[in-house]
Amino acid sequence: MGRAETFEHTADVGLRVFGRDLPDLFEAAGVGLFEIIVANLDQVRPVVAEEVILQAETIPDLFLAWLNELIFRSETAHRLYGRFRVEMEDGASPAHLRATIEGEPIDRDRHILDHEVKAATHHGVSVVRVEEGWRAEVILDI
């Protein structure tokens, strides 16, 4: 599976993600996002499964739409997500994905909420092919 790491960015948080292919990159981005939101992501159980279908003109736009959809669903449904299965067609135009996300309602007795992420921003977003597969960077507004 891909991996995610954070980097410093003024008052916000940068998220750098690596994946062997685009679905792996998007799955790792979901995990990386929720590692910022909840300090003990390993305590989020896959109780509820939801389908996500998104489309955008470019892969960077789809990446932003993905992260912002996860943030929106978490905020409006008061849920945390910890498992992500993404399907994509490489080279499709427009770019699209179909995913299953799994999580559970926030339980303040078990979940340690760390940061409130308001949005994934367009500032500095990049999704590029690298030797190992794919790398993405995005700034998260917290």
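Net length available on complete extension from THR58 to ALA92 is 11.3 nm, with 0.36 nm assigned per residue and the Cα-Cα distance removed.
Peptides 123-131, 84-92 ranked from most to least packed give 84-92, 123-131, packing being the mean of other C-beta atoms within 10 angstrom over each peptide's residues. Averaging the inverse of every distinct alpha carbon separation and then flipping it gives the Kirkwood radius. What is it for the chain, in angstrom units? Over the chain, the inverse of the mean reciprocal pair distance is 15.0 Å.
Helix 59-77 and the longest principal axis of the Cα set of the chain meet at an angle near 10°. Each residue, ARG73 and ARG129, gets one label point 7 Å from its Cα in the Cβ direction; the gap between the two is 2.9 nm.
At an R0 of 25 angstrom, the distance between the Cβ atoms of GLU116 and ARG3 translates into a FRET efficiency of 0.60.
When you count the other C-beta atoms within 10 angstrom of each residue and take the mean per peptide, 59-67, 112-120, 34-42 line up highest first as 59-67, 34-42, 112-120.
Values in this text are rule-based calculations from the coordinates and carry no lab data. Note that the structure is a prediction, hence the values are computed from the model and not measured. Don't worry about glycine lacking a Cβ; one is built from the backbone with ideal geometry, like all the others, and counts go over all protein chains shown.
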